Amino acid sequence: MQRTTSDASEEDDPTTPDESPAPGGSVTTLHKADLPLLKALLPQPLPPITRATVDIPFAVLGEVSSLLSPETTFAELLEHVSQLAVLPPKTTLTANRHRTQLADIVEPLRSYLTLAEMETFSFAPVNQRDLRSVAVFEKVVNAYATEGRVDLLDCYSGSGLIKTLEMVETTLETLPPLPPIEGIGRRLLTPPVIVTSIPALETLHKSLVMYIWLSYRYDVSFPDRNLAVEIKERVEVVLDQCLARLPGLRNKKTHERGAEKDGIVKQWRRQHVGPTGVRREIDHKAIKFDRKRGKLPEQREGKIQYASKGEDQGRRRKDTWKNLGMASGDGQSS
C-alpha cells in the first residue's frame, strides 16, 4: 500500500504525538506478599496524563546552532531553542536551569569539545549547591577536554575526600559493633569525627555517581569505573554505620526493654566493649578511675570487675597501717 502525501507529512511532523500502544512486558515485586496487591492493581485503568515534559532533541540543537553566530555560548543556545520550540499539545520543555549552570562551567573548554559532548556534560548529575562536588566536576571536564582520559584519583587530589573516607573507616574499626538492640549505648560510642564527616562522605558518594554516569557514556576516557564502584560501595557501608551511630537515632527508652533485653545488652557489652568505651580487643585495659560510677576497675580472671570506692580506700588504709607496724594480721595492735 502506497503512502499518501498527508500520511507521510504526519509521520515526519515531530509535533504529532505517537498514540500507538507500547508492547507488553513483565513486572514483579520485591516481596512475595505484595504480589496479590500488584495483581489487583494491574487491571485498573491508568489515570490520564494531563501534561508531559520533554527534552530538546540533540538534532534540533545542531540545526539551530548552525544558524547562530559562532560566539553563541551553549547556555545561550539552550535559551534560544527553548524560546523557539513548537511543542505538541499538553507538553512542556524541561527546565534548563541545571543545564545552563553546568554549561557555564564547560564553556571555557568549548574549543576542545564537540556540541554533543557539551550536551552530555550539561546533563551530568552534579549537586551544584555543593562546592566540592562542583570542583570535582571541573577537574573531570578539564581532564577529558585536555587529555582525553580522566583518572579517578587525580580528580580528588587536594579535596581530602578520600582521606576522610579512610579516616572514618579506621575510626569505625576501633569501635565496638552496633548493639543487638537498636538505640543502646550509642552516645558513648560516637566520636565527633563520625558526625562531622557525614557531609564529606555524601559529597564523595555523589561525585562518584557522576564519574560512573559519565563512564557509561565515554567508557574509553573514564577507565576507572570499577575503582569508582568499589569506593562508592565502601562509602555506602561507612555512611550506613555513621548514621546508625548518631545519638539522635536512639529511639528506644530504657524502661521499654525489660529484663530479657537488658541481659542481651549486658552480654553484648561484656563481649565487645572495653572499659574505655572502644572495641575490647584493642582496649589495653587501662585502669582508670570511673568518676561517673564512683568505682575503680580491678583485673580478675581476665575480666574487668569493679570494686566500690569505699572498699578500695579501706583496703589501702589497712595496708598502710600494716606497713607502719601498727596492725597485725588478725586486726590487733602489736
Put Tyr112, Tyr156 in order of accessible area, largest first, probe 1.4 Å, and you get Tyr112, Tyr156
Residue span Arg225 to Lys32: 0.36 nm per residue of separation minus Cα-Cα distance leaves a gain in nm of 66.1 nm
The long-range amide H neighbours of Val54, using H built 1.01 Å from N in the peptide plane and a cut-off of under 5 Å, are Thr92, Leu93, Thr94
Rg from C-alpha atoms of segment 24-70, normalised by the globular rule of thumb 2.2 N^0.38 Å, equals 2.23
Two pseudo-spin positions, 7 Å from Cα along C-beta at Thr53 and at Glu138, lie apart in nanometres by 2.8 nm
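The values are calculated or read from the model by the stated rules, or taken from the named source; none is laboratory data. In this text the structure is predicted, and so the values were computed from the model without any measurement. For neighbour counting, all protein chains shown are included, and Cβ atoms are generated from backbone atoms with ideal geometry for every residue, glycine included. What goes into the accessible areas is simple: the full protein's heavy atoms, side chains included, and nothing from ligands, DNA or RNA. Shrake-Rupley method; radii C 1.70, N 1.55, O 1.52, S 1.80 Å.
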